[in-house]
Amino acid sequence: MDQLSLTFHLLSTKEKRVFRKFILSEQRRPPVKMMKLIGYLETRGGSSRSHMTKLYTSDEFNAWHSLRKRLLKRLQEFIVNNGERNHPGPEQAERQIALGTQLIQRGAGNLAVKELEQALALTRHQERYDLTDKIYMIMITYSSELGTDAELVYEEWRTNKRKAEMMERMIISNALLAQRLERARREGRVINIDQFTRQAFSETGNDLADNATIVLGTCTLVRNAIISTKNYVHFASFVKRQYERLKKSGALIQSPLSTQLGLQYILAHALYRNRQFEAAKEVLNEMHSSLNSVKKSEERYKARYVLLSAAISSYTGDNRRATELLRSALADRKARYTDGDQLNMMMN
């Protein structure tokens, strides 16, 4: 298949229906030939040449290619826009930054500042300090056009710079920790998790600070390293200390939802492996309260919650609840479980 056909068939059946409405909404008059071409693509029948002969005469070759190019462009726009609605990410912020800059150059500072403020909220939530820095610099440079307080924005820029530097040191610390954990695993050495972690972070001038995303990365590294040693006792106490510290400081609730769910699952699973079932249930209850507001990209945690909750119920003799949890999850048509998760639920 050609690029147009391949791209079109990336869409689900539902998305194809929405795409038709998207095309119709952009035109004052129904684009008859474009809609016919979409119909031909949906049937998967016939070649590109056969489609052309149904829409154009043999001497309208350029018009045919122009139609295909327009449809491909609309299709790419639809996929990007649809993806951003489901998973707002750096690309969306970058688009808003570019749009804000264009609006400034066209003398529409009042519109530009709205785009930049939306992008700023997104990048700060995602801890994208590089993009946040870029937005602050635009707000300072064009403060008169935007009506922003340059001195206030400058202070926010300095704060962001300090956070960016801390994040860089944290990433380096995690890289050092990962290398040393892997070395210890290959050598078969039993590790002191706290000592290993403190040493890796102190070398870069850091403690394991109040950044839930970095803590999640650290806990994941340590968990992967100790799986072969089954040293879950020390790991559970390590994760629990970090989790409670983040809750107390307020850093956990300020972190992205995926980070909160990730830490809650790692802690609950570690407690479960140590047969601390009641403690694991308490963490899972916290996790459950957050699952109602998850986005599509975070739905994997629904399956993890169900499987772990069912396992704990089974180990504590409540097989009826375990069965109900699994049946209810499998009957939930709105949930988007992977094939592997669905198979695990069926087998359990």
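When a/c reaches 1.5 or more, the comparison of a/b and b/c decides; with that in mind, is the stretch 126-177 rounded, prolate or oblate per its Cα gyration tensor? Judged from the Cα gyration tensor, the stretch 126-177 comes out prolate (a/c at least 1.5, a/b above b/c). A straight Cα-to-Cα reach below 13 Å connects Lys248 with the aspartates and glutamates Asp210, residues fewer than 8 places away in its own chain not being considered.
Cross-link reach is defined here as a Cα-Cα straight distance under 21 Å, omitting same-chain residues fewer than 8 places apart; for Lys247 the lysines meeting it are Lys163, Lys281. Working ranking of peptides 64-76, 260-272, 114-126 by packing, defined as the average number of other Cβ atoms within 10 Å per residue, highest first, is 260-272, 114-126, 64-76.
Where a number appears in this text, it was derived from the coordinates with a stated rule and is not lab data. Every value quoted in this text rests on a predicted model; they were computed, and no experiment measured them. Cβ: placed from backbone, ideal geometry, glycine included. Neighbour counts: every protein chain shown.
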